[in-house]
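Peer 1: What follows is a structure written as structure tokens; I'll ask about it next.
The values are calculated or read from the model by the stated rules, or taken from the named source; none is laboratory data. Please read these numbers as outputs of a predicted model, since none were measured by experiment. When we count neighbours, we look across all protein chains shown, and the Cβ atoms used for this are built from the backbone with ideal geometry, even at glycine.
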Amino acid sequence: MLKKFFNYYRPYKWLFTLDFSSAIVVAILELAFPIIVQRVIDSILPTEEWSMIVWVSIGLFSIYILNTFLQFIVTYYGHRLGTNIETDMRQDLYKHIQKQSFKYFDNRETGKLITRLTSDLFEIAEVAHHGPEDIFITVFTLLGAFGLMLTVHVRLAIMTFILVPLIAVAVIIFNKKMTYVNNRIYDDLAGFSAGIEASVGGIRVVQAFANEDYEDKRFGSLNEAYKRSKYLFYKMMGLSSSYNYLLMRLISLFAMFFGAYYTIQGELTYGDFVAFILFANILVRPIERVNVMIESYPKGIAGFRRLQEEISREPEIQDSLHAIEVESLIGNIDYKNVTFSYEEHNPILDQVNLSIKAGETIAFVGPSGAGKTTICNLLPRFYEIDSGSIEVDGHNIHDIKVQSLREQIGVVQQDVFLFPGTIKENILYGDLTANDEQVRMAVKLANLEEVVSTLPNGLNTVIGERGVKLSGGQKQRLSIARMFLKNPPILILDEATSALDTETEQAIQEALDSLSEGRTTLIIAHRLATIKNADRIVVVTKNGIEEKGTHDELMTLNGAYKRLYDAQFAQ
């Protein structure tokens with residue numbers, strides 16, 4: 001794990017060198033002060049040469065000025081280093097999450113993923129900045145101060161330093177305990193964030209059902225769990241800091257008590273005694289730094305471990321070693337003995353076979369949960385099939401690079417997702433390189449012109465989070481406009497007109513018919529009136545593909561399709 005952690009330093013070697021070297025110089029100069037004081041008391045004061053004291057003071061002031069400058073470098077550039085590393089880690093995690101399949105997101109709460117991207121990484125910046133320099137400077141200062149104390153009085157130095165190992169043992173014990181506690185805190189925080197995301201995101205449903213009291217209690221239990229974890233953390237921190245405080249004060253007390261004894265005995269000069277007290281204070285400083293390390297480092301270590309756990313999870317959907325780019329597809333699609341299950345040993349699709357010719361419009365109908373949407377979602381590899389194969393223009397989709405494959409497929413999903421921003425920005429998501437004229441044409445084809453013309457800022461109107469300022473039908477048409485702009489050879493329309501009124505639905509249906517010409521179109525529909533003119537209708541039930549044919553052919557079979565049709569249009 002350490003190797004992976006330090007790999008993030010590589011792009012910032014110069015920044016790390018600047019920060020680390022400045023911190024070392026600061027530590028060295030701190031050790032110089034007691035030595036100078038000792039010389040002043042023992043060598044300069046007895047001569048009563050005031051000019052020498054003035055020059056020594058000027059020299060010390062110069063050292064303080066230099067240290068002040070170096071402290072700025074350590075604080076500012078050190079934190080820049082930490083922030084850069086935190087940013088890179090967050091970017092790596094986001095890229096990793098983007099590569100995951102739909103199944104990955106089916107099993108995870110959005111709030112927990114957000115926590116992984118935010119809170120888990122906050123403390124890593126502090127560890128990345130302070131970690132190497134704190135450890136080095138702590139060891140260097142302890143050994144340096146102890147070495148200088150030995151030059152003053154060996155027995156006194158050993159008697160004072162003997163308490164340090166007790167602090168080291170405490171550091172190891174408390175660090176282990178607090179790392180465990182921080183893992184628990186992050187777990188509770190993830191649940192806490194997920195609860196907030198669900199409660200705030202679903203506030204309209206909460207208010208519609210008048211369940212504010214229930215949500216308040218649910219939020220309260222999450223809040224209390226997080227609070228208890230924080231209490232435990234601060235309890236450990238309190239025990240650690242109190243224990244170290246006592247030992248640090250004992251070090252100072254030992255230095256003063258036994259130093260006074262040896263001074264009275266004539267084994268130490270007054271300058272030696274004062275210098276030793278100052279060395280003891282320097283010896284205590286890195287121990288005080290250890291207290292901060294015990295509070296901060298376990299958080300960073302726990303966050304980095306969770307980051308590595310997530311990044312080490314291999315994406316289910318990956319390009320094969322010999323995957324190719326495809327610039328354009330014609331649209332011949334073949335499902336061959338395709339089996340798929342969301343949960344093991346519970347297949348949704350079992351040995352499904354279906355051939356679709358380029359330019360055909362295929363409609364999938366059947367009861368909910370039968371697998372209509374699943375069949376279509378397997379084509380762009382949103383999910384990975386268990387067995388069998390899917391081919392497009394003779395290429396197994398596993399032999400086509402995922403991004404290249406998805407660029408050739410346009411999807412309008414039943415649950416429309418719109419990004420915060422303007423109407424234009426959301427349409428441009430279909431083709432980020434499109435010009436204004438192409439955007440306006442997409443708006444026209446999606447029958448969205450009248451809506452845009454009534455808005456105060458037209459295409460530049462801000463639609464709010466998830467398009468909250470638009471009606472259901474308007475959001476659906478905006479999503480369709482986005483697909484028009486992409487203009488792919490293969491279209492998947494998952495209940496694309498389900499939220500439209502009858503008049504608008506007819507206009508959109510004409511536009512979709514026009515767009516489908518010469519393109520392969522897969523339509524998932526419950527409203528059978530919208531797909532009567534499809535080249536073929538595929539009836540999907542829990543038994544798989546039960547019937548295939550045109551509307552007229554299926555009606556004459558007097559089977560599953562006719563039962564669906566009669567149920568929907570029964571008087």
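Peer 1: Of all residues in segment 1-58, which are among the hydroxyl-bearing types (S, T, Y), modelled with pLDDT of 80 or more and either in a helix (DSSP H, G or I) or surrounded by fewer than 12 Cβ atoms within 10 Å (Cβ to Cβ) (or both)?
Peer 2: First, pick out the residues of segment 1-58 that are among the hydroxyl-bearing types (S, T, Y): 8-9, 12, 17, 21-22, 43, 47, 51, 57.
From the residues that got through so far, the ones that are modelled with pLDDT of 80 or more too are 8-9, 12, 17, 21-22, 51, 57.
Across segment 1-58, the qualifying residues are Y12, T17, S21, S22, S51, S57.
Peer 1: Okay, moving on. Any residue at all in segment 23-31 that's without any contact (Cβ under 8 Å) to a residue 12 or more places away in the chain and among the charged types (D, E, K, R)?
Peer 2: The answer is no, given that none of the residues of segment 23-31 is without any contact (Cβ under 8 Å) to a residue 12 or more places away in the chain and among the charged types (D, E, K, R).
Peer 1: So which of A481, A499, A534 ends up being modelled with pLDDT of 80 or more and more than 30 Å from D334 (Cβ to Cβ)?
Peer 2: The conditions single out A481.
Peer 1: Still on this structure, I have one more. Is it the case that segment 277-300 has a residue that's under 28 Å from N107 (Cα atoms) and surrounded by fewer than 18 Cβ atoms within 10 Å (Cβ to Cβ)?
Peer 2: For segment 277-300, residues under 28 Å from N107 (Cα atoms) and surrounded by fewer than 18 Cβ atoms within 10 Å (Cβ to Cβ): absent.
Peer 1: Follow-up. Out of all the residues in segment 197-237, which are closer than 30 Å to N281 by Cβ and modelled with pLDDT of 75 or more?
Peer 2: Within segment 197-237, K235 is the sole residue that qualifies.
Peer 1: Next up: Taking only pairs six or more apart or across chains, which ones have beta-carbon atoms under 7 Å, a first residue in segment 378-392 that is in contact (Cβ under 8 Å) with a residue 60 or more places away in the chain, and a second residue that is among the small types (G, A, S)?
Peer 2: F382/S101; Y383/S101; E384/S101
Peer 1: Out of E48, E86, which single residue is in the same structural domain as G303 (by TED's automatic domain parsing), on the phi > 0 side of the Ramachandran plot and either free of Cβ contacts under 8 Å to residues at least 40 places away in the same chain or of a type outside the set (K, R) (or both)? Don't jump to the end; show me each part of the working.
Peer 2: Details: E86 fails: on the phi > 0 side of the Ramachandran plot.
Only one candidate passes the filter, namely E48.
Peer 1: Among all residue pairs at least 6 apart or on different chains, which show Cβ distances below 6 Å where the first residue, located in segment 445-458, is within 14 Å of R482 (Cα to Cα) and without any contact (Cβ under 8 Å) to a residue 60 or more places away in the chain and the second is surrounded by 22 or more Cβ atoms within 10 Å (Cβ to Cβ) and not small (G, A, S)?
Peer 2: Going by the 6 Å Cβ cut-off, the qualifying pairs are L448/R477; E449/V443.
Peer 1: If I filter segment 122-133 for residues that are surrounded by fewer than 18 Cβ atoms within 10 Å (Cβ to Cβ), assigned by TED's automatic domain parsing to the domain that holds I185, at pLDDT below 75 and not basic (K, R), do I get at least one hit?
Peer 2: yes
Peer 1: Starting from residues that are hydrophobic (A, V, I, L, M, F, W, C) and assigned to a loop (DSSP other than H, G, I, E, B), keep the ones in segment 524-571 and report whichever is surrounded by the fewest Cβ atoms within 10 Å (Cβ to Cβ). Give the derivation first.
Peer 2: Let us first name the residues in segment 524-571 that are hydrophobic (A, V, I, L, M, F, W, C), namely 524-525, 528-529, 531, 534, 537-540, 545, 554-555, 557, 560, 564, 567, 569-570.
The next check asks that each one be assigned to a loop (DSSP other than H, G, I, E, B); those that pass are 525, 534, 570.
Details: A525: 21, A534: 22, A570: 6.
If we take residues in segment 524-571 being hydrophobic (A, V, I, L, M, F, W, C) and assigned to a loop (DSSP other than H, G, I, E, B), then A570 is surrounded by the fewest Cβ atoms within 10 Å (Cβ to Cβ).
Peer 1: Scan segment 301-325 for residues that are hydroxyl-bearing (S, T, Y) and either in contact with a Gly (Cβ under 6 Å, 6 or more places away or on another chain) or surrounded by 15 or more Cβ atoms within 10 Å (Cβ to Cβ) (or both) and jot them down.
Peer 2: Of everything in segment 301-325, nothing turns out to be hydroxyl-bearing (S, T, Y) and either in contact with a Gly (Cβ under 6 Å, 6 or more places away or on another chain) or surrounded by 15 or more Cβ atoms within 10 Å (Cβ to Cβ) (or both).
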